[in-house]
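I have placed the structure first, in the form of C-alpha cells, so that the comments after it can refer back to it.
The values are calculated or read from the model by the stated rules, or taken from the named source; none is laboratory data. Source: prediction; values computed, not measured. Positions of Cβ are backbone-derived with ideal geometry, glycine not excepted, and every protein chain shown enters the neighbour counts.
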Amino acid sequence: MTTNPFVLTDTELDLLPTDEDVRFYQEHGWYLSKKLLTDDEVDALTRASDDFYAGHRDHPLPTHPPRIAYWTPEHGEVQRHNDYVHVEVDAIRRVLTKPLIGAVAARLAGAEAIRVFQATMIYKPPRPEEQSNIVPWHFDKHYWSTSTSERMLTAFIPFHDCTEEMGTITMVDGSHQWKEIGADDSVTRHFADRDRSELEAMLAANAEHNGAEVTKVPMVIPRGHMSFHHCKTYHGSGANRSDRPRRAISLHLQDGDNRWQRYPLADGSVLSYNHDHVVRRDAQGNPDYTDPRYCPQTWAGPTA
C-alpha cells in the first residue's frame, strides 16, 4: 500500500493562505507567507549552501545548458546565482519539495498540482557598490515563454530575516494585471543580458500604458517565512547595504497543467529554455516539463 506524500498536518493546514489571502494575491500579485519552514529546515538550507559553495554536489548536472546561471569561485565577490540546486544537492531538494510549500502555491495559483520548475540559490554580498547586486525590474514569464501556463509563480526563501537594507526582493504592486505594450521578442532575453535603463524604461512605459502608478513594495521577510509572486509581477532588488550577505533560494513553481510549447523568434529560430537541454523527451519528442528529476511534484490534491 502506497502512502500519499501530499498530506498536511492540522498545524500545517493552519499555515495555508486564507480566502482573503488568495484574493489579496489575485489583486496585488504577491503574498507574504506565514512561517512555513522550521528553524531546523532553514539551518539545513544554510549548511547545504555552505557545502555547495565549498564544492559539494550529490548529483552533478550531466551537462550545463548554455544559459545556466552558475557561480564558481573564480567569478569573485559578485552576486552569486546557481540554478538547479534542487537537482545537485539532496538536502536542499528535501526542503524545497516540502508539501506545505507546494500546497501554499497551489492555493494561490488555483491549481490542483504543483511541480518545481527551477531553483536558483542566490548570495548577495554586503557590497553596496557592487553593480551585480542590483536586479533590474523584470517579470519571469518573459523568460518562460516556452511554458504554456500563465499561473506559474515563485517563492523567495531567505535563510534569515530579510530586510530592505539587505536588498530584499521588491514587487511592483498589481503589475501582474497590466496589459503589456506590444513588444519584440527581446523581452525573452534575461535581465543580465539587457541594459538596466532599458528595463526601467519598459516598466515605466507599461505602467503609463495601463494608467497605473509604479508602486514598489519591499518584502520584509522573517526567517522561515517566504514571499510568493505571480509570474507576471514585475520585481527586482537593490544593493545589500547591511554588514552580512543576503542568502536565499528563488524557487520557481509550475502548476500541474504546464507543458512545453514552441515559441518562434523573429529571426526564425525557436526560443530555448535551459530545461530543453536536460529534461527527458515526451512521446512527441518535445522537452518534458514533468520530468521528475528536474521538475519534481510537490503537491497534488485540493487545498480548500
Matching residues in the range 126-140 - criterion: being under 15 Å from Met171 (Cα atoms) and not in a loop (DSSP other than H, G, I, E, B): Val135, Pro136, Trp137, His138, Asp140
Condition broken by Gly238, with the remaining ones in (1) modelled with pLDDT under 95; (2) within 27 Å of Gly174 (Cβ to Cβ); (3) in contact with a strand residue (DSSP E or B) (Cβ under 9 Å, 6 or more places away or on another chain); (4) exposed (fewer than 15 other Cβ atoms within 10 Å of the Cβ) satisfied: (4)
Within the range 141-174, tally of residues that are assigned to a strand (DSSP E or B) and either free of Cβ contacts under 8 Å to residues at least 40 places away in the same chain or in contact with an Asp or Glu (Cβ under 9 Å, 6 or more places away or on another chain) (or both): 3
Sole exception among (1) touching a strand residue (DSSP E or B) at 6+ places or on another chain (Cβ under 8 Å); (2) within 16 Å of Trp137 (Cα to Cα); (3) modelled with pLDDT of 95 or more for Lys232, by number: (1)
Within the range 12-99, helices (runs of 4 or more DSSP H) holding 1 or more residues that are at pLDDT 95 or above, surrounded by fewer than 16 Cβ atoms within 10 Å (Cβ to Cβ) and charged (D, E, K, R): 19-28, 39-53, 90-96
